[in-house]
Amino acid sequence: MTPERGPFKAMILAAGRGERMRPLTDTLPKPLLHVGNKSLIEYHIHSLAQAGFGDIVINHAHMGHMIETALGNGDRYGISIYYSPEPVALETAGGIVKALPLLESKAETCDQPFLVINADIYCEFDFSTLLPILQHMKDDIDGDIAYLVMVDNPEHHSEGDFILDSGRLVLTGQEKLTFSGIGIYKPVLFKGIESGSVAKLAPKISQAIAAKKVGGEYYRGVWVDVGTPERLNRLDAQLKKISKF
């Protein structure tokens, strides 16, 4: 049974070309690649629905029509899915800005925060734990404008992304951790980016960190950046092995 829908929206980033996944992504968008018994993006949809996120926005570019055909309007998942098509991939920040009209609530007068997840990761994160963070960010008008979930650095990204210190993202101090691709943002973070333009997320995050406006947490659970066919096959084998028990 799907929990009652909460007030916050989520976005799944699904517009990447998946160059490192070729030739698999020559005929299928990366988010629709299967591991275990579901496509990558369906794991997120099921987890979000269970956590109470009833409205999910999905951006797409490369063979995006296949994503819309596969997922539909979300009825069978007990949620509503809205799409933000991009003629060309706009990078993370650009894609979010284009989707803002779908993410912002007309009933809200404040800078309503929303959850964003990369489609090309597999994780067992409990998204319901982020609901209090979303509520706090909504209520604290002058507070944080971003919140990142950080993980240990995988072998292919040993240098990490950002430093997490006592629940805050900082620019100096301890060793960097890797950004999981799971984050909460307020629209104000993207101020200055025109809709339809190509823009990366990292510079905006760095600016917000410098302004001491970014919180975060360390996630110790299962998380995989499914970036290559080898990692996809490894994860697929692991999930199929688990499902036999």
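Assorted remarks:
- Filtered residues of the range 50-74 (kept if touching a strand residue (DSSP E or B) at 6+ places or on another chain (Cβ under 8 Å) and aliphatic (A, V, I, L, M)): Ile56, Val57, Ile58, Ala61, Ile67, Ala70, Leu71
- Meets criteria (of a type in the set (D, E, K, R), closer than 15 Å to Lys9 by Cα and touching a residue at least 60 places away in the same chain (Cβ under 8 Å)) for Asp120: no
- When each of Ala93, Ala99 is tested for being assigned to a helix (DSSP H, G or I), in contact with a helix residue (DSSP H, G or I) (Cβ under 8 Å, 6 or more places away or on another chain), of a type in the set (A, V, I, L, M, F, W, C) and modelled with pLDDT of 90 or more, the lone residue that passes is Ala93.
- Any pair with Cβ under 7 angstrom, 6 or more apart, that starts in the range 203-228 at a residue that is basic (Lys, Arg) and ends at one that is surrounded by 14 or more Cβ atoms within 10 Å (Cβ to Cβ): Lys204/Ala93; Lys204/Leu189; Lys204/Phe190; Lys213/Asp144; Lys213/Ile145; Lys213/Ala146
- Scanning the range 172-189 for residues that are in contact (Cβ under 8 Å) with a residue 40 or more places away in the chain, more than 16 Å from the chain's Cα centre (by Cα) and surrounded by fewer than 19 Cβ atoms within 10 Å (Cβ to Cβ) returns a single hit, Val188.
- Set Gln135, Gln112: member being part of a loop (DSSP other than H, G, I, E, B) and either more than 19 Å from Asp225 (Cβ to Cβ) or in contact (Cβ under 8 Å) with a residue 40 or more places away in the chain (or both): Gln112
- Within the range 139-158, the set of residues being touching a Cys at 6+ places or on another chain (Cβ under 9 Å) and free of Cβ contacts under 8 Å to residues at least 60 places away in the same chain comprises Asp139, Ile141.
- Hits in the range 190-232 - residues which are among the small types (Gly, Ala, Ser), within 17 Å of the chain's Cα centre (by Cα) and in a loop (DSSP other than H, G, I, E, B): Ala199, Gly221, Gly227
- Flag if Ile184 is in contact with a helix residue (DSSP H, G or I) (Cβ under 9 Å, 6 or more places away or on another chain) and over 23 Å from Pro31 (Cβ atoms): no
- Meets criteria (modelled with pLDDT of 95 or more, part of a loop (DSSP other than H, G, I, E, B) and either closer than 28 Å to Pro29 by Cβ or basic (Lys, Arg) (or both)) for Phe125: yes
The values are calculated or read from the model by the stated rules, or taken from the named source; none is laboratory data. Computed from a prediction, not measured in an experiment: that's the story for all the values here. Neighbour counts are summed over all protein chains in view; Cβ atoms, including those assigned to glycine, are modelled from backbone coordinates with ideal geometry.
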